[in-house]
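K.L.:
One structure, as structure tokens, below. Some questions next.
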Amino acid sequence: MAIGKLSLRKIKITDERYFSKWWRDKELLALTSGILEPLADKDVKRYFLAMLQSGNDYHFIILLDGNVIGHISLAKRKNGWYETQIIIGEKKYWGRGYGTKAIHLLLEKAEKLNNANIYLEVRPDNARAISAYENSGFVNVGIKEYPENKHLTQTIRMELKKEP
Ligand SMILES: CC(C)(COP(=O)(O)OP(=O)(O)OC[C@H]1O[C@@H](n2cnc3c(N)ncnc32)[C@H](O)[C@@H]1OP(=O)(O)O)[C@@H](O)C(=O)NCCC(=O)NCCS
């Protein structure tokens, strides 16, 4: 069970050090992009700055009792859709309800986005993530195939059910 206070804050320039750790963690990478090759420092910097400066997207750091444990984002896509992504980079905090809680906090913020449609994509074998998403109101709407991507050939697309 989750104990401790979870909160979200906007990402800031000094957060790069967390991403440089998480983006090189093979266990995390295997659950997300699937690209396990080590990232050079300059690439970490480039991807991080792109994230920090992306005007259309919302990036939040997940804090547990004020300590950084992860990242959650909402990125603007086509036709009024937003895609959400989450990682709890500090693995000792997996499976304790914090992911579900962080999604809840993000969805509260998203209420301001005027009825946004929110979806995510997840690896079909990422059972922990899928449970957290189902518990947060997302439903499986089908498989998306990426035949060209050898690191991630398919995902499950899940969409947030809207209140009637
Ligand atoms: C995915 C992630 C954000 C979920 O956050 P979390 O805090 O670990 O998840 P929660 O504790 O809120 O919920 C996990 C659910 O999965 C279940 N679960 C826990 N461990 C599990 C396991 N090894 N296998 C399957 N289900 C598991 C839990 O019981 C819970 O469901 P329940 O409440 O219905 O019982 C987090 O685990 C994470 O960052 N993982 C690594 C990166 C990742 O996979 N990101 C998502 C990419 S799409």
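The values are calculated or read from the model by the stated rules, or taken from the named source; none is laboratory data. Remember, predicted model here, so these are calculated numbers, not experimental data. Heads up, the Cβs are rebuilt from the backbone with ideal geometry, glycines too, and the neighbour counts pull from every protein chain shown.
K.L.:
Please determine, by comparing only the residues of region 28-45 that are of a type outside the set (A, V, I, L, M, F, W, C) and more than 15 Å from Val122 (Cα to Cα), which one is modelled with the lowest pLDDT. Outline the logic, then answer.
P.N.:
So the first thing to find is which residues in region 28-45 are of a type outside the set (A, V, I, L, M, F, W, C), and the list is 32-34, 37-38, 41-43, 45.
After this cut, where a residue has to be more than 15 Å from Val122 (Cα to Cα) as well, the list is 37-38, 41-43, 45.
On the way: Glu37: 92, Pro38: 87, Asp41: 96, Lys42: 97, Asp43: 96, Lys45: 97.
Only one residue fits best here, namely Pro38.
K.L.:
How many of the residues making up region 120-144 are part of a strand (DSSP E or B) and either among the β-branched types (Val, Ile, Thr) or in contact with a Phe, Trp or Tyr (Cβ under 6 Å, 6 or more places away or on another chain) (or both)?
P.N.:
Here the count works out to 4.
K.L.:
Among the residues of region 77-100, which ones are in contact with a helix residue (DSSP H, G or I) (Cβ under 8 Å, 6 or more places away or on another chain), more than 6 Å from the ligand (Cβ to nearest atom) and without any contact (Cβ under 8 Å) to a residue 60 or more places away in the chain? Full working, then the answer.
P.N.:
We begin by selecting, within region 77-100, every residue in contact with a helix residue (DSSP H, G or I) (Cβ under 8 Å, 6 or more places away or on another chain); these are 82, 84, 86-89, 91, 94-95, 99-100.
From what is left, the residues that are more than 6 Å from the ligand (Cβ to nearest atom) are 82, 84, 89, 91.
Selection gives Tyr82, Thr84.
K.L.:
Which of (1) assigned to a loop (DSSP other than H, G, I, E, B); (2) touching a residue at least 60 places away in the same chain (Cβ under 8 Å); (3) away from the ligand (no atom under 16 Å from the Cβ) is the odd one out, the single condition Pro147 does not satisfy?
P.N.:
Unmet condition: (2).
K.L.:
If I ask for residues that are within 20 Å of Ile88 (Cβ to Cβ) and without any contact (Cβ under 8 Å) to a residue 40 or more places away in the chain, which ones from region 37-65 would you list?
P.N.:
Answer for region 37-65, where residues must be within 20 Å of Ile88 (Cβ to Cβ) and without any contact (Cβ under 8 Å) to a residue 40 or more places away in the chain: Leu39, Val44, Tyr47, Phe48, Asp57.
K.L.:
Need at least 1 residues that are away from the ligand (no atom under 12 Å from the Cβ) and small (Gly, Ala, Ser) per element, so show me which helices (runs of 4 or more DSSP H) inside region 1-76 make the cut, counting only ones lying wholly within it.
P.N.:
Numbers: elements: 16-22, 26-31, 41-53.
In region 1-76, 16-22, 41-53 are the helices (runs of 4 or more DSSP H) which contain 1 or more residues that are away from the ligand (no atom under 12 Å from the Cβ) and small (Gly, Ala, Ser).
K.L.:
Given the criteria surrounded by fewer than 13 Cβ atoms within 10 Å (Cβ to Cβ) and either touching a His at 6+ places or on another chain (Cβ under 9 Å) or at pLDDT below 95 (or both), does Lys150 qualify? Break it down into steps so the answer makes sense when it comes.
P.N.:
Details: surrounded by fewer than 13 Cβ atoms within 10 Å (Cβ to Cβ): yes; either touching a His at 6+ places or on another chain (Cβ under 9 Å) or at pLDDT below 95 (or both): no.
Criteria not met by Lys150.
K.L.:
Mind checking whether some residue in region 83-106 is at pLDDT 95 or above, in a helix (DSSP H, G or I), under 23 Å from Gln154 (Cβ atoms) and of a type in the set (A, V, I, L, M, F, W, C)?
P.N.:
Within region 83-106, one or more residues are at pLDDT 95 or above, in a helix (DSSP H, G or I), under 23 Å from Gln154 (Cβ atoms) and of a type in the set (A, V, I, L, M, F, W, C).
K.L.:
Filter region 100-128 down to residues that are under 17 Å from Leu29 (Cα atoms) and not hydrophobic (A, V, I, L, M, F, W, C) and give me whichever is surrounded by the most Cβ atoms within 10 Å (Cβ to Cβ).
P.N.:
My answer is Arg123.
K.L.:
Hey, could you check region 115-144 for residues that are without any contact (Cβ under 8 Å) to a residue 12 or more places away in the chain and over 16 Å from Thr84 (Cα atoms) and say which is farthest from the ligand (Cβ to nearest atom)?
P.N.:
Among them, the one singled out is Asp125.
K.L.:
Does Tyr47 qualify as being among the aromatic types (Phe, Trp, Tyr), surrounded by fewer than 17 Cβ atoms within 10 Å (Cβ to Cβ) and either more than 19 Å from Tyr133 (Cα to Cα) or in contact with a Lys or Arg (Cβ under 9 Å, 6 or more places away or on another chain) (or both)? Break it down stepwise before answering.
P.N.:
Working: among the aromatic types (Phe, Trp, Tyr): yes; surrounded by fewer than 17 Cβ atoms within 10 Å (Cβ to Cβ): yes; either more than 19 Å from Tyr133 (Cα to Cα) or in contact with a Lys or Arg (Cβ under 9 Å, 6 or more places away or on another chain) (or both): yes.
When the stated conditions are applied, Tyr47 passes them.
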